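The values are calculated or read from the model by the stated rules, or taken from the named source; none is laboratory data. All values reported here derive from a predicted model rather than from experimental measurement. Methodologically, a virtual Cβ is constructed for each residue, glycine included, from the backbone with ideal geometry; neighbour enumeration extends over all protein chains shown. For accessibility, only protein heavy atoms count, side chains too; no ligands or nucleic acids. Shrake-Rupley method; radii C 1.70, N 1.55, O 1.52, S 1.80 Å.
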Amino acid sequence: MKKTKFEYKLTLGYLIIGGLWILFSDKLANSLTNDQRLLTMIHMLKGWFYVLITGLLFYFFLKKHLNRLRSTEKELEDHKKNLQELVEHKTAYLDNTLNELKKTNEELNRKNEIINSQNENLKEALKHLKDTQTHLVESEKMASLGVLT
C-alpha cells in the first residue's frame, strides 16, 4: 500500500474544507438576510474567519509534523553518537586483540626458533651417532679379523 505524502493530504484537506466552507457559508448567509451591506460584511467576516481557522489548522498540522521530524532528527543524532561510540569501542577492542595476536605470534616464532635449533642439534647428534656406530662396526670387524688371524 502506497502512502500519500503529507503535503498532498494537507492540500486536499485545505481544498475540501475551503470548498465546503464557501458552499455552506454562502447558503447560510443568503438565507439569513437579503441586505447587501450586511451580506458584504458577513462575507468579509467569514473570509477572515476562514483565514484564521485555516491558519490555526496549518499551524497544528505543521507543528505536529515538525515535532515528529525534530524527534526523528534527535533520534538519528543519538544513534549517530552511539554508533560512533560503538565504532570506537570495537576499534579499541580489535586493536587490543591485534596486539595480543602479535605477542602470541612473536612467542610462537620464538618457540619455533627454539624447536628448529633443537631439531638441528638432534640431527647433528644423530649423524654423530651414526658415524660412531659405523666406526664401532668397523672396529668390531677389525677385532674379529684380529681374533680370527
* To do: Taking K127 as meeting all but one of (1) among the charged types (D, E, K, R); (2) more than 22 Å from the chain's Cα centre (by Cα); (3) at pLDDT below 95, write down the number of the exception.
  => (3)
* Tell me which residues, restricted to the range 7-47, are open to solvent by 60 Å² or more (accessible area, probe 1.4 Å) and under 51 Å from the mean Cα position of the chain (by Cα). => E7, Y8, K9, T11, L12, Y14, L15, I16, I17, L20, W21
* Asked: What single numbered condition from (1) under 28 Å from G13 (Cβ atoms); (2) exposed (fewer than 11 other Cβ atoms within 10 Å of the Cβ) fails to hold for E77?
  -> (1)
